[in-house]
Amino acid sequence: MASEGEPGCRCCAQDAPDVPKATEPRGDIDGPRRGSLCDRHCAINNVHGDLGDLGCHLHRPRVPPALCSPSCCQQHSDEVCESCVVKTTLTAENVVEANKLSNNYKFGFKKWKSHVTARPWEDRSEIVKELYSDLNVIRGSGGSTVTCGNVLYLLLFGWWLSLLYILVAAMMFITVVGAPYGQLCWDLAGYFLWPFGKVIQKVEVPRSRQALGACEAGTEASSKGESSALLGGPVPSRWRPRCWVNTGYWHRAGTTAWLCLAYPVLALAHGLVCVTAWLLVVLIPVAKLSARTLTRVLLLLPEPVLIRRLKMVEVPLEGEVVLCCYRAVNPYYYKYAVDGINVFAVNLLPLVLVTLVLGYVDSHNRLTSSSIKFTLALLSIMPLSYYIGMAIASISAQSNFAVGAVVNATFGSITELTFYITALIKGSREGNRCYAEIVKSALTGTLVGCVLFIPGLCMVIGGIRHQEQRFNSRSAGVSSALLFLSVGGVFAPTLFSKVYGKLVCGECHNVTQNPLGHYLCHNCHFDLMENNGTLYYSHVQPLVYTVSLLLPAAYLIGLFFTLKTHSHIYDIHISDCHMPGHHHSAVVHWSRWRALVILLLSTLCMSACADLATEHISPILTNSTISQYFIGVTVLAMVPELPEIVNGIQFALQNNLSLSIEIGNCIAVQVCMLQIPILVLFTIFYPTNFTLVFSDLHVYASMFSVVLMNYTFMDGKCDYFQGTVLVMVYFILLAVYFFAPSPSGC
């Protein structure tokens, strides 16, 4: 994304690794490069017709027209030249990516960092290219192969894989007909003990007498000390081609013995290595090594397989390179994606299946306890939230504005609403008010976390790389105004009940033994049901319904203001044009129908996981010594928002703090203006214990957080110190919730 500390126009393709660069791709990140005003004007005019002038949260100081180049001002008027300076152009690889970028800057749309289309290979850095390369490319070793990662491979996998191959080799030698495969396993035992800097090659081996003569000639040549410039010395005897009698009967018998006796054992071992290394992410090269061995090396005939140690790479190897590995660990594999899905989301997907099977098959907790099932259900929400976000971004980027708005409004808060509604239903069935209090705590925790923790954390992490970060204070002011309005509306029934409700206490004790002295009371609350609930049903409930109608209306007005009438407050322009020599068609990861199916399936799985979480949360609430307030504002509130937190951090690292702030603000606004009114509407059709009356702690924490956030964002710039203040205040509030007594009724 675009950086924000420099004045004037600048194409964001020079700043962000997720947009194409004009230079040749390199491993490092090129610094910013300024083009002429005419070039930037042409880039603005070269935009796709249906994109138009789009909103942005990036702030650029206005450059005086006097700074315009003479050539630009001769061809264009001062107004055109000045508009060129004010606008900032973000360049995307294709129209779909341009739509996704524009949706990121639209209020109410989900902010998504990952690409929804396949990136052009030439636009990627050498580091990323290495992640997707096959293990059959010979290159410079770049130093010694004795590294910490390679030693870790030896300790985790190398020693027992080598021992297993030795045992399999002995077994194949005993069968006699499998002796060629026994020799292959013997050679592979040495290879898998330390595969780094070695190559497995498939060479052409002559048949019958020619093969025997070739083998004899090769043996004679080796005995004379023949060396190769590639190998740098004589070829060891164990790396010479094996010369076995290859008659039809012996060949078929040996292959049968290999496939029946040895291959299943080795396949199981390599499968275990592959799964373990893949789950560890940084060891994915080892997973590729095992997968290629399983699907290619072990299915080759033993005669043409040759294993060599590489010393020099000036002379290319003769024959096909099947496997070549230099290091076992690559820390950059956190960027790895499968069909556009991040590797961590792929690894967590089996967790969803395990959770659903355990939750619905082991309903009597014979295999696992309720606490384990609750933890698994809560962790399963994270990958499902990622898939829902990816599906929403894919559908919005490939559709028009109306479809994107409907999808974002319908499924944008589906993760939180699913859990809240299932919890309220369970509390209503059991007659337990504690579930309603947990939902209120989760709502407050989401609001406070998105206002304080997400922006503060992004400021801290982004401030480590960038000394000072700037953002569009006017666009942030729109979200702040909506937050003030929404918080005031949500807590209006609570303030009304405090003023007109009757304070009722469970028990009171006279601490001074004087009838006129001080009394110590416990379990006090404002009773709204006095006189058969006249206060609640005649005054509080109508106020709740009124607020629940006004808040969504205010949200729609905010959408109309930011997306239609005042979109100019976002000084951004997104173009799908390319640099010279870059012309690519959009290859989407997920088509609209595929994204829709994944969205619906993820929503169903989310509902099932939310149902399991609420089903098994009861023992935690009753047996835990931690306040239910704390469980609601931390675990239940912030775990579903982890994908959004990751997106915000990635935007902040690219010096695009505007989107990091908007991620938190949009979620907080949606909590107050969409989620709470939907819950109120749900209670009309399905009566529950949920009332829009919060505890004093929720009211004070929410209002203080919104005021502090607005004070921090006034000047349009921030650093890591201001982010630290927001994070520290958030942790102070968590400490208050931790030591607070449990709500009444729990």
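Taken as Cα centroids, segment 639-697 and segment 116-165 sit 41 Å apart, rounded to the nearest whole angstrom. Label positions at residue 474 and residue 253, each projected 7 Å from the Cα along the C-beta direction, are separated by 8.8 nm. By the compact-protein rule of thumb, 2.2 N^0.38 Å, the alpha-carbon radius of gyration of segment 346-493 corresponds to a ratio of 1.32.
Pop out the carbon and sulfur fraction of the accessible area of segment 350-486 as a percent, whole number, probe 1.4 Å. Here it works out to 64 percent. Using the average count of surrounding beta-carbon atoms within 10 Å as a protection proxy, the listed peptides 724-730, 375-381 rank, highest first, as 375-381, 724-730.
What spacing in nm lies between the two simple spin-label points modelled at residue 133 and residue 401, each 7 Å away from Cα in the Cβ direction? Each label point lies 7 Å from its Cα, and together they span 4.6 nm. Between residue 261 and residue 623, the contour length at 0.36 nm per residue exceeds the Cα-Cα span by 125.0 nm. Among the listed pairs 100/373; 100/335; 440/498; 129/202; 106/717; 202/288, those whose Cα-Cα separation exceeds 29 Å are 100/373. Modelled this way, with points 7 Å down the Cα-to-C-beta line, the labels at residue 604 and residue 465 are 3.9 nm from one another.
So if we plug the beta-carbon distance of residue 122 and residue 347 into 1/(1 + (r/R0)^6) with R0 = 30 Å, what FRET efficiency do we get, rounded to 0.05? That gives a FRET efficiency of 0.55.
Relative protection proxy for 107-118, 449-460, 384-395, from highest mean packing down: 449-460, 384-395, 107-118 (other beta-carbon atoms within 10 angstrom).
With a Förster radius of 35 Å applied to the C-beta separation of residue 740 and residue 147, the computed FRET efficiency comes to 0.10.
The values are calculated or read from the model by the stated rules, or taken from the named source; none is laboratory data. Worth saying up front: this structure is predicted, and the values here are computed from it rather than measured. Backbone-built Cβ (ideal geometry, glycine too); neighbour counts: all protein chains shown. For the accessible areas, the whole protein counts, side chains as well, though only heavy atoms, and no ligand, DNA or RNA atoms are used. Shrake-Rupley method; radii C 1.70, N 1.55, O 1.52, S 1.80 Å.
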